[in-house]
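Inspection log for the structure reproduced underneath, given as structure tokens.
The values are calculated or read from the model by the stated rules, or taken from the named source; none is laboratory data. Keep in mind that this is a model prediction, so the values were computed, not measured. Neighbour counts are summed over all protein chains in view; Cβ atoms, including those assigned to glycine, are modelled from backbone coordinates with ideal geometry. Side chains included, ligands, DNA and RNA excluded: accessible areas come from the protein's heavy atoms. Shrake-Rupley method; radii C 1.70, N 1.55, O 1.52, S 1.80 Å.
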Amino acid sequence: MLITLRQVHDSDLPVFFRQMNDPESLRMAAFTAKDPADRDAFDAHWARIRASCAVPRTILADGDVVGSAAVYGEPGEREVTYWVDRAYWGRGIATGALRALVAEVAERPLFARAAADNAASLRVLEKCGFRSTARATGYAHARGAEIEEIVLRLEP
């Protein structure tokens, strides 16, 4: 499977919105929008991302839109994020996309966060060179509770 990244197109947004409203995906990701079904808030969020210094990308697998990945935040504190459609989980897509993203964005360090029980995401991050540096707690909207998260860092 050929995994590539490209600029986000307007036509990707409805696909992202659908992907980010899958109940199982929301639970796994944990740290999501307060109301993922609020399309106006979703559109405003993506408008801010696309207008900022973030590096948002669409993930393609054999030419199909299967998710998104981005680097965002202030220099020195920039974080990575990614989302892959649940229908494509377990195929190495998140790992391939994240590798491509961190190769594109040379700035280091980069940070990431994942729910402590999200073993799949933690594995993806570790395969891409991120190392656990801290544990924290945060409110996970998708779970309606404070949960533990792992903070990871990618060095030069």
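Structural remarks
- Restricted to the stretch 129-156, and to residues there that are part of a loop (DSSP other than H, G, I, E, B) and open to solvent by 20 Å² or more (accessible area, probe 1.4 Å), the residue that is farthest from G92 (Cα to Cα) is G144.
- The one condition in (1) under 27 Å from E149 (Cβ atoms); (2) open to solvent by 80 Å² or more (accessible area, probe 1.4 Å) that V55 fails to fulfil: (2)
- Taken over the stretch 112-128, residues that are among the hydrophobic types (A, V, I, L, M, F, W, C), crowded, with 20+ Cβ neighbours inside 10 Å and touching a strand residue (DSSP E or B) at 6+ places or on another chain (Cβ under 6 Å) amount to 4.
- Qualifying residue in the stretch 38-50 (condition: in a loop (DSSP other than H, G, I, E, B) and either free of Cβ contacts under 8 Å to residues at least 12 places away in the same chain or not basic (K, R) (or both)): yes
- Note on the stretch 91-113: residues that are assigned to a loop (DSSP other than H, G, I, E, B) and in contact (Cβ under 8 Å) with a residue 24 or more places away in the chain total 6.
- Just one of the numbered conditions (1) out of contact with any Gly (no Cβ under 7 Å at 6 or more places or on another chain); (2) touching a residue at least 24 places away in the same chain (Cβ under 8 Å); (3) of a type in the set (A, V, I, L, M, F, W, C); (4) surrounded by fewer than 20 Cβ atoms within 10 Å (Cβ to Cβ) is not true of F31: (1).
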